[in-house]
Amino acid sequence: YRRFGRLTKQLMSTISAIAAQNTADAQRFIDLGIEPNKVSVTGSIKFDVTLADELVEQAHQLKQQWSDGGKRAILIAASTHVGEEEIILDAFGDTLSQHERTLLILVPRHPERFELVRRLCESRGFNIQQRSQKEPISASTQVLLGDTMGELTLLFGTADIAFVGGSFIPNGGHNLLEPAVWCLPVLAGPSDFNFAEISQLLQSANALSIVGDQRELAKEYHNLLTQPALRQAMGEAAGRVVEENRGALARLMEVIRKQE
């Protein structure tokens, strides 16, 4: 808009209200010529996510089954892209050498890649099951492939540690609040431009660790698996970030009501 200011000036003059996620975005609109009294900072409605009681109960039951009553740690790597599964599986292989009963839930971002990722897991020698088959997780299963649609929130609720994909590649990452709302410690790669402010909030609260490669991911897995207190502290911090930033939806609705 700034590059083509002459073309967008008329458009900007017709806008009656701007609801910006943060002060930086608000200032950008003001710099484009929007009158400051038309701009409100409402925050991100992503913080207003809630978990239904039925979903929480279902996640609890699955976690009890898959973790063998809490005897087995569960990792989840979600919304992964091409080139990320190899890094995650290598890190998980290193983790299994010290924590042999750990289960990894691997959830590719795009359903058309489910079969490719399944074959990748098998080629790496992992004992794999598919969520779509709805079978009980056996004690020998190492990787559960999340090859269903609409279950990601549920699967986050079964885990102890979460990695959010789209971040080892220059894709900008995915929604870090999806595991945070479950009070999970969150891990991600360095690419976070799609969720930069949320990423910074979680990092500042010591709820998110940024890892650069397979070695660093394996190291974080080991640290969190061997330090339950650290794992709990990171998870609780993640939950607090979500709670402390709720209310964006109500603020947005207030902006809308003022225009009626």
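The values are calculated or read from the model by the stated rules, or taken from the named source; none is laboratory data. What you see is a predicted model, and the numbers here were worked out from it, not measured in a lab. FYI the Cβ positions are ideal-geometry reconstructions off the backbone, even for glycines, and counts take in every protein chain you see. Accessible surface areas use protein heavy atoms only, side chains included; no ligands, DNA or RNA. Shrake-Rupley method; radii C 1.70, N 1.55, O 1.52, S 1.80 Å.
Between Val117, Val107, Val143, Val164, which is touching a Leu at 6+ places or on another chain (Cβ under 9 Å), closer than 26 Å to Glu244 by Cα and among the β-branched types (Val, Ile, Thr)? Can you show your working first?
Numbers: Val117 fails: closer than 26 Å to Glu244 by Cα; Val107 fails: closer than 26 Å to Glu244 by Cα; Val143 fails: closer than 26 Å to Glu244 by Cα.
After ruling out the rest, the residue left standing is Val164.
Can you tell which of Ile169, Ile161, Ile137 is within 26 Å of Ser191 (Cβ to Cβ), among the aliphatic types (A, V, I, L, M) and open to solvent by 10 Å² or more (accessible area, probe 1.4 Å)? Steps first, please.
Numbers: Ile161 fails: open to solvent by 10 Å² or more (accessible area, probe 1.4 Å); Ile137 fails: within 26 Å of Ser191 (Cβ to Cβ).
Result: Ile169 is the single residue among Ile169, Ile161, Ile137 that is within 26 Å of Ser191 (Cβ to Cβ), among the aliphatic types (A, V, I, L, M) and open to solvent by 10 Å² or more (accessible area, probe 1.4 Å).
Return the residues of segment 1-15 that are surrounded by 10 or more Cβ atoms within 10 Å (Cβ to Cβ) and part of a loop (DSSP other than H, G, I, E, B); say none if nothing qualifies. Break it down into steps so the answer makes sense when it comes.
From segment 1-15, those surrounded by 10 or more Cβ atoms within 10 Å (Cβ to Cβ) are 1, 5, 8-9, 11-13, 15; that's our starting set.
Within segment 1-15, Tyr1, Ile15 meet the criteria.
Residue by residue through segment 21-51, note down the ones that are aliphatic (A, V, I, L, M) and over 23 Å from Ile198 (Cα atoms). Reasoning before the result, please.
Keep residues of segment 21-51 that are aliphatic (A, V, I, L, M), which gives 24, 26, 30, 32, 34, 39, 41, 45, 49, 51.
Listed by number, the residues that qualify are Leu32, Ile34.
Report, by residue number, each residue of segment 213-260 that is within 18 Å of the chain's Cα centre (by Cα), outside any helix (DSSP H, G or I) and closer than 22 Å to Asn22 by Cβ.
Within segment 213-260, Asn245, Arg246 qualify.
Just checking, does segment 144-151 include any residue being assigned to a loop (DSSP other than H, G, I, E, B), touching a Ser or Thr at 6+ places or on another chain (Cβ under 7 Å) and free of Cβ contacts under 8 Å to residues at least 60 places away in the same chain? Steps first, answer last, please.
In the first step, residues of segment 144-151 are kept if they are assigned to a loop (DSSP other than H, G, I, E, B); the result is 146-151.
Those still in the list that are touching a Ser or Thr at 6+ places or on another chain (Cβ under 7 Å) too: 147-148.
Remaining after also requiring free of Cβ contacts under 8 Å to residues at least 60 places away in the same chain: 147-148.
Checked segment 144-151: at least one residue is assigned to a loop (DSSP other than H, G, I, E, B), touching a Ser or Thr at 6+ places or on another chain (Cβ under 7 Å) and free of Cβ contacts under 8 Å to residues at least 60 places away in the same chain.
For the subset of segment 37-51 comprising residues that are under 20 Å from Val181 (Cα atoms) and among the β-branched types (Val, Ile, Thr), which member is least open to solvent (accessible area, probe 1.4 Å)?
Of all residues in segment 37-51, those under 20 Å from Val181 (Cα atoms) come to 42-51.
Still in the running and among the β-branched types (Val, Ile, Thr): 42, 45, 49-50.
On the way: Thr42: 8, Ile45: 96, Val49: 54, Thr50: 107 Å².
Among those residues, the one meeting the criterion is Thr42.
Is at least one residue of segment 18-30 open to solvent by 70 Å² or more (accessible area, probe 1.4 Å), in contact with a strand residue (DSSP E or B) (Cβ under 7 Å, 6 or more places away or on another chain) and not in a loop (DSSP other than H, G, I, E, B)?
Residues of segment 18-30 that are open to solvent by 70 Å² or more (accessible area, probe 1.4 Å), as a first pass: 21, 23, 27-28.
From what is left, the residues that are in contact with a strand residue (DSSP E or B) (Cβ under 7 Å, 6 or more places away or on another chain) are 23.
Now narrow it down to the ones that are not in a loop (DSSP other than H, G, I, E, B): 23.
Yes, segment 18-30 has at least one match.
From the residues in segment 88-107 that are open to solvent by 30 Å² or more (accessible area, probe 1.4 Å) and in contact (Cβ under 8 Å) with a residue 60 or more places away in the chain, which one is farthest from the chain's Cα centre (by Cα)?
Gln98
Show the residue pairs meeting these rules: Cβ distance below 8 Å; 6+ apart or different chains; first residue within segment 187-206 and at positive phi; second residue open to solvent by 40 Å² or more (accessible area, probe 1.4 Å) and at pLDDT 95 or above.
That search, which allows pairs on different chains as well, returns Asn206/Ala233.
I'd like the full set of residues that are over 14 Å from His99 (Cβ atoms), of a type outside the set (Asp, Glu) and buried (at least 18 other Cβ atoms within 10 Å of the Cβ), limited to segment 67-87.
Selection gives Ile76, Ala77, Ala78, Ser79, Thr80, Ile87.
In segment 189-208, what count of residues is obtained for those that are open to solvent by less than 30 Å² (accessible area, probe 1.4 Å) and either of a type in the set (Val, Ile, Thr) or in contact with a helix residue (DSSP H, G or I) (Cβ under 7 Å, 6 or more places away or on another chain) (or both)? Can you show your working first?
Applying the first criterion (open to solvent by less than 30 Å² (accessible area, probe 1.4 Å)) to segment 189-208 yields 189, 191, 198-199, 202, 207-208.
Retained after the next criterion (residues that are either of a type in the set (Val, Ile, Thr) or in contact with a helix residue (DSSP H, G or I) (Cβ under 7 Å, 6 or more places away or on another chain) (or both)): 198, 202, 207-208.
Of the residues in segment 189-208, 4 are open to solvent by less than 30 Å² (accessible area, probe 1.4 Å) and either of a type in the set (Val, Ile, Thr) or in contact with a helix residue (DSSP H, G or I) (Cβ under 7 Å, 6 or more places away or on another chain) (or both).
State the number of residues belonging to segment 108-134 that are more than 22 Å from the chain's Cα centre (by Cα), open to solvent by less than 80 Å² (accessible area, probe 1.4 Å) and small (Gly, Ala, Ser).
Of the residues in that region, 1 qualify.
Do you know which residues across segment 140-157 are over 13 Å from Gln130 (Cβ atoms), small (Gly, Ala, Ser) and surrounded by 19 or more Cβ atoms within 10 Å (Cβ to Cβ)?
Scanning segment 140-157 gives a single hit, Gly157.
Kindly indicate whether Glu178 is open to solvent by 10 Å² or more (accessible area, probe 1.4 Å), under 22 Å from the mean Cα position of the chain (by Cα) and either under 18 Å from Val49 (Cα atoms) or not hydroxyl-bearing (Ser, Thr, Tyr) (or both).
On the way: open to solvent by 10 Å² or more (accessible area, probe 1.4 Å): yes; under 22 Å from the mean Cα position of the chain (by Cα): yes; either under 18 Å from Val49 (Cα atoms) or not hydroxyl-bearing (Ser, Thr, Tyr) (or both): yes.
Criteria met by Glu178.
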